[in-house]
Amino acid sequence: MYFSIIHPKELEPLDSCTLNEEGSFKVRLPISQPQFIKVYTNDTNFIILATHPKENIYISGNYAQLDATYSVLGSPSSETIHKYRAFTRENMNKLDNLTIFWENHKYDDNSLELKDSLDNEALSIFKAQRDSALSLINKNPENFANVFIIYQYFVNQPLFDEVKDLEFYQWVLENLEKKYSNNEHIINLKMRINKVKAQIAERDSILSRLAIGKPAPDFALPLWQSDSDFVLSLNIGQPVLLHFFAGASLSSVKDIQKLKNILPQLTRKNVKIVTIFLDYDTETMKRAIEGEKINWTVCYDLSSLHSPVAQLYAVDILPMYYLIDDSGIIRDKAHHIDSIDVSSLNLSK
């Protein structure tokens, strides 16, 4: 049996022991502050304890299936993590059952309706997982285990998003600082919260520069199958519709048909359409251009959403549109073309 301290960014081996003939062990771990301890036999068979100095912790379970069978006494924070793991296993089993059911019925005549129903059920399971975690935290806001719970994922989704749930993160921090202000995990939580706040402030600053009525930021990108670049500032005198797109983005492909439907309206307004591809490779671009019969201006940056131009225009979801008038002023912006008000170009007259 191995024991390691879980630091915010690394795992520190601490000790190990051998079980006696009766399958028991006793070990004294030298910790001077509350710590998260990983108890494990290998990388996939482990449990997490939230320990405090001088605690006498008793754990029992199947050596070969620690997480599924263990119980813990003598450590209130560790017992909280045990409760979290217990309802997590229950909810994971429910998801597994949904997956099995879908595999057995995905070719049924009503498969589309069934898929929607199962997706809704999966969302309700995620909500139940989040609500249970929230209940544990609210029950004892100063519990050291809360810093473990707040970071947890369920399948591939965080239970608590650092941006959307920032106020909740702040509340958890304020309560934990009452007892653990000098603990490395609480310090790390505070650093992460401050980093998110800085990112939000930076994004707010960017969005204020991209507000309707503000000048559109200039940029240059290579044109598709050309040796020259598209430069936004060189198009002053003509309205421009910037269309951030990716052939690998299903939502982008779905929306482009709606864009084609309003081409006559854009033509009457003398709007130049510029599609900015944000795929990772030219082959995907080529397939999309040919498949969608895109015959207007195309430029590209094969960096996906990491593209400097995408970041300049705060593009984090595709598609994204910016309608710019003939003076280079942003007149409208939206994620869907049917939300773009072409008549807003009249404001520049």
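Derivation of every value follows stated rules applied to the coordinates shown; laboratory data play no part. Note that this is a predicted model, so its numbers are computed, not measured. Note: ideal-geometry Cβ built from the backbone for every residue, glycine included; neighbour counts use all protein chains shown.
For this structure, a couple of remarks:
- The calculated FRET efficiency for the pair residue 153 and residue 193, based on their C-beta separation and a Förster distance of 30 Å, comes to about 0.95.
- From most to least packed by mean Cβ count within 10 Å, the peptides 106-112, 272-278, 249-255, 178-184 give 272-278, 249-255, 178-184, 106-112.
- A simple spin-label model places the labels of residue 223 and residue 19 7.2 nm from each other, with each point 7 Å out along Cα-to-Cβ.
- MRE, 222 nm, helices only [DSSP H, n ≥ 4, -39500 (n - 2.57), over the chain, to nearest 500]: -13000 deg cm²/dmol
- FRET efficiency for residue 62 and residue 205, using Cβ-Cβ distance with R0 set to 41 Å, rounded to 0.05: 0.15
- For segment 43-99: rounded, prolate or oblate by the Cα gyration tensor [a/c cutoff 1.5]: prolate
- Among the listed options (1) 1.20; (2) 1.34; (3) 1.15, the one matching Cα Rg over 2.2 N^0.38 Å as calculated from these coordinates is (2).
- Mean-position separation - Cα centroids, segment 313-349 and segment 42-57, in angstrom: 55
- Each DSSP beta bridge with both residues in segment 220-348 is either parallel or antiparallel, and the antiparallel ones are about 55%.
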